[in-house]
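Peer 1: Pasting in a structure now, in structure tokens, and then I'll have a few things to ask.
The values are calculated or read from the model by the stated rules, or taken from the named source; none is laboratory data. Since the structure is predicted, the reported quantities are computational estimates derived from the model, not experimental observations. Reconstructed Cβ throughout: ideal geometry from the backbone, glycine too, with neighbour counts over all protein chains shown. Calculation scope for accessible area: heavy atoms of the full protein, side chains included, ligands and nucleic acids excluded. Shrake-Rupley method; radii C 1.70, N 1.55, O 1.52, S 1.80 Å.
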Amino acid sequence: MVWHSKTRRTAALAAAAASLALLGGLPACGGGEKPTARSVTPVVRDVSPLLRGTIGAEATFRNVEPMLVSGYGLVVGLNGTGGDVLPDSIMATMEREMGLKGIGKAQTGTGTAVDGMTPRQMLRDPNVAVVFVQAAIPPGAPEGADFDVYVRAINATSLEGGQLWTTDLRLGVAQPFGGRQSRSIARSRGPIFINPFAEAGKEQQGVMRTVGRVLGGGEVTQPLGIELVLDNTSWQRARSIVSAINSRFPEGPGDDGPTARGRTGSSIELRVPNRYRNEPAAFLDLVKHIRISSVAPEETARRFAEGLKSEPALANELSWCLEAVGTKALPFLRDLYDYPEVFPRLAALKAGARLNDPLAATPLIKLARTGQASVRTDAITLLGRLDAGPSIDLALREFLGEEDLTVRIAAYEALAGRAERLQLARLSARAARLRERNLPAPTPTHLQVLAEQALPGNTMQGVERTPVAGKFLFDRVPVGSPLIYITQQGQPRIVLFGEGDMVRTPMVVSGFGDRLMMVADDPGAVRVLYRPQTSDRATTLTIRPNLEEMIRIFAHDTTPEDPRPGLGMSYSEVVGTLYSMQQASATRADFATERERLLAELQAASQNIQVADRPERPEDRDLVLIKPESDPTRPIAPDPATPTPKIVPIEPLPESKNN
């Protein structure tokens, strides 16, 4: 924005207005009263003196709530479970949308199951269903950002095996044809994941097959900007705020312009920098706690550090303030790394770790080993952020064998994140060499995606990752007792912990309404019969009882180019098969799944709950633990004398097919 021209124009307008006011106020021949000057009382917020002068004390964020989007979509690939009667309004809506997109115009030669059908015929086909699609888009999500999508069947008894066709997502609640249509800002598509664990606390009552999710299936097409509105209009103050934000967040790789742009004397536009793409709430917290004046940052940091001691109730806010100061706050933070009171110490360590201070590593390792459960996971997560050498990797690896599941998963997430960053550094170095030779090189965003897709297994982090059939990522962590960990949001992942034989034989396993049967009479072979959802033809294989190999075979699609045996299961079906094996005591591994957060985000979006209140850290994700039935030596009920854990233990089905 050109501030000087705006200022000159504003000054000219103000002068003209003053002249008119003066002329209008001149007394007439008969005399008159003098005009009274209008006074404007500035807005002053009631905040702690320590927080005065920060951006959050003088401005309000807009468009920082999770944005609710929705639409009506089409699911194909069902096995006769769709095609039920639709309300007339939704039927008209879908016919219109399909016509606009050129879907189902009785064309032939498309090579699909709906080849040659009209829109109405497609909507009545038993292998097709209409779904209501919802999602919550994070604040400041840039164009191309992905997110999870929630789908609910309108005219189907099951969405198992379904594929969501491209669906436009509009702001707010979708309206049928004839209703007022809001702006489309995103789209969604992809395979539907059906949660095989049902609702919280009711995991053993069966699967809700009429609802599901498309993990990472949403894409932002028209991003909504974040606006910062000043309490008191002032061009000079707005310029100072823009300068403070852009100084703290300079334009970096993958950014499309500066972080802050001035619009008026009371409005500033914000963009989430690319490096905060996955943690927009943290970015907003930092902006909120930036000091508008950049004078004497060391003195500002000293005052915040002293405030941590005198007002520990403000520990969270002052931690963000110190991080917002930047590296010049590190000398004052280091004095608090061994402070006796836990809240100031944790606040200082959090700011130090997020500023990548290597001296924060030793006290964080100590907390991770000796602190209470919640403190341990906080410390582990912060350790994962530090680039302080292999000593951190060695410390984190010792937590992979912990009995406490939250600690174990936090350590895995921290190590996986570190491995991804190292992979990104290697790929970035290769890209730089390509650019030096004037050869095409991947963009920073593309490099980041590549770094997350595959991880070598011979690194200090001990996490090996391979993509499986283009459907999910498979992580191998050969440490600790056997454990299968499933993600239910973001990038689909199956994580296998531990070493040794994890499959029990003999076994008899059935699933998916007897479309799946697994039988093993001897320890050397497992006979598998599987009939896909969309076919009447069953596939029969004999495979080794090796869990890692079985997971790959479950997902592999046999093609002429890759004729290796496979069952072609989706991620949801692979997870359901592993769950069926656990319930039949066919595996020695515990079973843990990330509790879905999507419904909570949708609820937050509908109620305009700020995204900063949502859990953003890995240890804030709820987990569900399912124990093998034949492992009576380890308790599955939480100790009532300990704080409530973030793990919900779940007993297997009372009757196993192996009993």
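Peer 1: Kindly provide the set of residues from region 484-524 that are under 30 Å from residue 136 (Cβ atoms) and not in a loop (DSSP other than H, G, I, E, B), ordered by number.
Peer 2: Of everything in region 484-524, those that are under 30 Å from residue 136 (Cβ atoms) and not in a loop (DSSP other than H, G, I, E, B) turn out to be 484, 485, 486, 493, 494, 495.
Peer 1: Any idea which residue in region 206-241 is most open to solvent (accessible area, probe 1.4 Å), counting only those that are charged (D, E, K, R) and under 19 Å from residue 69 (Cα atoms)?
Peer 2: Top of the filtered list is 219.
Peer 1: Scan region 128-177 residue by residue and report those that are in a loop (DSSP other than H, G, I, E, B) and either acidic (Asp, Glu) or open to solvent by 30 Å² or more (accessible area, probe 1.4 Å) (or both).
Peer 2: 138, 142, 143, 144, 154, 157, 160, 161, 173, 175, 176, 177 - these are the residues of region 128-177 that are in a loop (DSSP other than H, G, I, E, B) and either acidic (Asp, Glu) or open to solvent by 30 Å² or more (accessible area, probe 1.4 Å) (or both).
Peer 1: Which is out of contact with any strand residue (DSSP E or B) (no Cβ under 7 Å at 6 or more places or on another chain), among the aromatic types (Phe, Trp, Tyr) and surrounded by 24 or more Cβ atoms within 10 Å (Cβ to Cβ), of 332, 304, 343?
Peer 2: 304
Peer 1: Next question. Which residues, taken from region 486-499, are without any contact (Cβ under 8 Å) to a residue 24 or more places away in the chain and either open to solvent by 40 Å² or more (accessible area, probe 1.4 Å) or aromatic (Phe, Trp, Tyr) (or both)?
Peer 2: 499
Peer 1: Continuing with this model, one more query. If you take the residues in region 371-389 that are part of a helix (DSSP H, G or I) and modelled with pLDDT under 90, which one is farthest from residue 343 (Cα to Cα)?
Peer 2: Out of the qualifying residues, it is 373.
Peer 1: Return only the number of the condition from (1) in a helix (DSSP H, G or I); (2) over 21 Å from the mean Cα position of the chain (by Cα) that residue 412 does not satisfy.
Peer 2: The single condition residue 412 does not satisfy is (2).
Peer 1: Next question, about the same structure. Here are some residues: 427, 396. Which one is within 24 Å of the chain's Cα centre (by Cα), aliphatic (A, V, I, L, M) and closer than 24 Å to residue 255 by Cα?
Peer 2: 427
Peer 1: Further, regarding this structure: Look at residue 365 and say whether it is among the β-branched types (Val, Ile, Thr) and within 21 Å of residue 413 (Cβ to Cβ).
Peer 2: yes
Peer 1: If you don't mind, another one. Looking at 275, 303, 261, which is the one that is under 25 Å from residue 353 (Cβ atoms) and touching a residue at least 60 places away in the same chain (Cβ under 8 Å)?
Peer 2: Exactly one of 275, 303, 261 is under 25 Å from residue 353 (Cβ atoms) and touching a residue at least 60 places away in the same chain (Cβ under 8 Å), namely 303.
Peer 1: Farther than 15 Å from residue 138 by Cβ, in contact with a Leu (Cβ under 7 Å, 6 or more places away or on another chain), of a type outside the set (Gly, Ala, Ser) and open to solvent by 20 Å² or more (accessible area, probe 1.4 Å): does that describe residue 261?
Peer 2: Judged against the criteria, residue 261 is not a match.
Peer 1: Out of all the residues in region 236-252, is one or more charged (D, E, K, R), more than 18 Å from residue 355 (Cα to Cα) and either in a helix (DSSP H, G or I) or modelled with pLDDT of 95 or more (or both)?
Peer 2: Checking region 236-252: at least one residue is charged (D, E, K, R), more than 18 Å from residue 355 (Cα to Cα) and either in a helix (DSSP H, G or I) or modelled with pLDDT of 95 or more (or both).
Peer 1: Test residue 269 against the criterion of being at pLDDT 90 or above, over 14 Å from residue 61 (Cα atoms) and open to solvent by 20 Å² or more (accessible area, probe 1.4 Å), and give yes or no.
Peer 2: Answer is no for this residue.
Peer 1: Collect the residues in region 258-278 that are part of a loop (DSSP other than H, G, I, E, B) and more than 24 Å from the chain's Cα centre (by Cα), keeping them in residue-number order.
Peer 2: 258, 263, 264, 265, 266
Peer 1: Which of the residues belonging to region 395-414 are within 15 Å of residue 594 (Cβ to Cβ) and of a type in the set (Phe, Trp, Tyr)?
Peer 2: Hit for region 395-414 is 412, nothing else.
Peer 1: Hey, can you tell me all the residues within region 416-448 that are part of a helix (DSSP H, G or I), among the small types (Gly, Ala, Ser) and farther than 29 Å from residue 495 by Cβ?
Peer 2: 432
Peer 1: Okay, next question. If we scan region 504-521, do we find a residue that is open to solvent by 30 Å² or more (accessible area, probe 1.4 Å), at positive phi, in contact with a Lys or Arg (Cβ under 9 Å, 6 or more places away or on another chain) and touching a residue at least 12 places away in the same chain (Cβ under 8 Å)?
Peer 2: Yes: one or more hits.
Peer 1: Is it fair to say residue 409 is surrounded by 18 or more Cβ atoms within 10 Å (Cβ to Cβ) and in contact with a Ser or Thr (Cβ under 8 Å, 6 or more places away or on another chain)?
Peer 2: It is false that residue 409 is surrounded by 18 or more Cβ atoms within 10 Å (Cβ to Cβ) and in contact with a Ser or Thr (Cβ under 8 Å, 6 or more places away or on another chain).
Yes/no per residue for (1) open to solvent by 50 Å² or more (accessible area, probe 1.4 Å); (2) touching a strand residue (DSSP E or B) at 6+ places or on another chain (Cβ under 7 Å); (3) touching a residue at least 60 places away in the same chain (Cβ under 8 Å); (4) outside any strand (DSSP E or B):
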| position | (1), (2), (3), (4) |
| --- | --- |
| 60 | yes, yes, yes, no |
| 74 | no, yes, yes, no |
| 79 | yes, no, yes, yes |
| 82 | no, yes, yes, yes |
| 90 | no, yes, yes, yes |
| 93 | no, yes, yes, yes |
| 99 | no, no, no, yes |
| 102 | no, no, no, yes |
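Peer 1: State whether one or more residues within region 127-142 are modelled with pLDDT of 90 or more, more than 18 Å from the chain's Cα centre (by Cα), closer than 20 Å to residue 93 by Cβ and not aliphatic (A, V, I, L, M).
Peer 2: yes
Peer 1: What single numbered condition from (1) more than 30 Å from residue 102 (Cβ to Cβ); (2) open to solvent by 50 Å² or more (accessible area, probe 1.4 Å); (3) part of a loop (DSSP other than H, G, I, E, B); (4) not basic (Lys, Arg) fails to hold for residue 47?
Peer 2: The single condition residue 47 does not satisfy is (2).
Peer 1: Just the residues that are more than 21 Å from residue 397 (Cα to Cα) and open to solvent by 50 Å² or more (accessible area, probe 1.4 Å), please, taken from region 453-468.
Peer 2: 453, 467
Peer 1: Assuming residue 331 fulfils every condition listed in (1) at pLDDT 95 or above; (2) in contact with a Phe, Trp or Tyr (Cβ under 8 Å, 6 or more places away or on another chain) apart from one, which condition is it?
Peer 2: (2)
Peer 1: Between a residue in region 423-446 that is closer than 24 Å to residue 387 by Cα and any residue that is open to solvent by 40 Å² or more (accessible area, probe 1.4 Å) and hydrophobic (A, V, I, L, M, F, W, C), which pairs come within a Cβ distance under 6 Å, given they are 6 or more apart or on different chains?
Peer 2: So the pair list comes out as 427/450.
Peer 1: If I ask for residues that are touching a residue at least 40 places away in the same chain (Cβ under 8 Å) and over 18 Å from residue 548 (Cα atoms), which ones from region 450-474 would you list?
Peer 2: Residues satisfying the conditions are 459, 460, 461.
Peer 1: Provide a single number: the residues in region 461-483 that are of a type outside the set (Phe, Trp, Tyr) and in a strand (DSSP E or B).
Peer 2: Matching residues across region 461-483 total 10.
Peer 1: Then there is this: Among the residues of region 526-569, what is the count of those that are assigned to a loop (DSSP other than H, G, I, E, B), in contact with a strand residue (DSSP E or B) (Cβ under 6 Å, 6 or more places away or on another chain) and open to solvent by 30 Å² or more (accessible area, probe 1.4 Å)?
Peer 2: Total meeting the criteria: 2.
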